[in-house]
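A quick write-up on the structure given underneath.
Bear in mind these aren't lab numbers, they're just calculated from the coordinates by the rules spelled out. Here the structure is a predicted model, which is why all the values come from computation and not from measurement. Because the Cβ atoms are built from the backbone with ideal geometry, glycine has one as well, and the counts that use them run over all protein chains shown.
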Amino acid sequence: MTQRELVKKHLLALLELSGVSGREAPVIRYMETHLRPLADELRIDPMGNVFAVKKGNRNGPKLLLTAHSDEIGLMVKSIEKDGFIRFIKVGGVQDSQLQARLVQVAGRLGIVGAKAGHLASEKERSEVKKASELYIDIGAGSKEEVEALGIKVGTPVSFVSPPRFLTEDLIVSKSLDDRVGCALIIALMESLKDKDFNGELQAVITVQEEVGLRGARVAAFACNPDLAIALDTIPSGDTPDTSLVRDLNVALGKGPVIQVTSGGTALFADSTVLSLLENAAKTAGVPYQPVTFTGGNTDATAMQQVREGIPAGAVTIPRRYSHSPVELMDLRDALGALNLLETLVLTMPETIQWKLPGE
């Protein structure tokens with residue numbers, strides 16, 4: 001099986017799973033099953049982070065590589081007496097994308113209700129309703145009927161948007177952020193199975209990234225690595241409503257992104273880690289996009305601020321329509337990220353010559 005086939009196989013399977021932040025069990029179990037045969041050690045911590053360790057044949061640095069298992073979604077807040085479900089948002093869900101959306105609640109198909117256009121006022125037809133005003137209809141007639149289905153306060157609600165390919169390379173789905181990173185970690189561990197390298201790779205599938213980078217903070221403290229890299233996704237700036245110059249110089253099909261900053265000034269990628277990533281990309285012949293990103297964070301932000309400070313950076317994969325149920329990604333960018341990271345591991349020096357910030 002080629003790397004492309006392997007990544008595609010696991011990505012399609014992972015995209016079908018529900019893993020709203022704090023309720024990531026289906027994704028955790030999948031990753032545990034597929035990483036265990038590839039790892040020298042595997043464990044799951046009390047928070048749900050999956051640690052898969054691959055030891056090199058020689059002494060060298062300990063590299064922590066993370067991808068997060070969780071996705072944005074909703075959670076049951078209360079149940080009306082007539083069976084309609086009220087909910088809260090989990091993660092960066094936009095109110096404008098909720099009405100008339102198909103969702104899944106405890107395996108049951110549901111609809112986020114929308115007032116019929118025939119009955120709506122002119123103002124209602126153009127306004128965006130807040131999540132607190134909306135409800136989910138699962139076809140039940142009473143609160144008791146809903147509860148009999150196992151639905152209760154705290155039940156996660158995920159979007160229904162199965163993966164589809166628009167072209168041979170462009171895939172659209174919910175939760176590409178960051179199931180693509182999870183699929184790439186499986187492929188990376190597979191590619192390292194019979195190869196020599198310096199040091200140790202700690203591949204960690206983190207939880208609760210979308211609600212505060214929580215799993216990464218715990219994982220980085222536990223691993224205490226020499227350097228850390230977040231493998232995630234990033235919005236693109238190549239649609240008619242954005243500018244590649246003014247907004248974000250990221251485009252689909254131009255290669256993985258190496259982030260210089262993220263979250264405004266939340267992360268300044270470590271100078272040494274940045275150099276290692278850039279050199280790995282050049283060695284592998286992978287085109288990459290260097291970016292200063294102000295609109296969001298990755299696990300790298302949290303990992304950089306753990307213990308005495310862990311040198312960290314981020315490799316991210318462009319996707320359009322971020323934090324929506326119809327994220328769009330180019331598979332070639334993902335494969336470029338895989339090639340870059342494999343080269344990084346295989347060319348890791350026995351001893352890193354650390355630079356001061358900005359050198």
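Counting only DSSP beta bridges with both residues in the chain, tell me the antiparallel percent, nearest 5.
Roughly 60 percent of the DSSP beta bridges within the chain come out antiparallel.
Dividing the alpha-carbon Rg of the stretch 73-159 by 2.2 N^0.38 Å yields what?
Working it through for the stretch 73-159, the quotient is 1.07.
Between the alpha-carbon centers of the stretch 294-317 and the stretch 119-185, tell me the distance in whole angstrom.
29
State, as an integer percentage, the relative contact order of the stretch 73-159 based on alpha-carbon contacts under 8 Å between residues 6 or more apart.
Computed over the stretch 73-159, the figure is 46 percent.
Net charge around ASN57, counting only other residues with Cβ within less than 12 Å of its Cβ (Lys, Arg = +1; Asp, Glu = -1)?
-1
Based only on other Cβ atoms within 10 Å, what is the fewest-to-most ordering of THR265, THR283?
The order, fewest Cβ neighbours first, is THR265, THR283.
By how many nm would the segment from GLU32 to GLU147 lengthen if fully extended, with 0.36 nm per residue of separation less the alpha-carbon distance?
38.3 nm
Once you have the alpha carbon radius of gyration of the stretch 1-101, what is it after dividing by 2.2 N^0.38 Å, with N set to its residue count?
The reported ratio for this selection is 1.44.
Positive end of the dipole of the stretch 73-159, charges at C-beta (+1 Lys, Arg; -1 Asp, Glu), about the Cα centre: which of VAL90, ILE136, VAL105 has its Cα farthest in that direction?
VAL90
In the neighborhood of MET75, defined by Cβ-to-Cβ distances under 9 Å, what is the net charge if each Lys or Arg adds +1 and each Asp or Glu adds -1?
Summing Lys and Arg as +1 and Asp and Glu as -1 gives +3.
Over the stretch 55-101, what relative contact order in percent results from Cα pairs under 8 Å that are six or more residues apart?
28
Which pairs break 18 Å Cα to Cα here: LYS143/LYS174; LYS55/LYS193; LYS77/LYS143; LYS54/LYS193; LYS55/LYS355?
LYS143/LYS174; LYS55/LYS355
Give me HIS118, HIS68 ranked fewest to most by other Cβ atoms within 10 Å of their Cβ, as a rough exposure proxy.
In increasing order of surrounding Cβ atoms, one gets HIS118, HIS68.
Going by alpha carbons, how many degrees (0 to 90, nearest 10) lie between the helix axis of 176-191 and the longest principal axis of the chain?
The two axes meet at around 40 degrees.
Rank by packing, highest mean first: peptides 223-231, 269-277, 80-88, with packing defined as the count of other Cβ atoms within 10 Å averaged across residues.
Top to bottom by mean Cβ count within 10 Å: 223-231, 269-277, 80-88.
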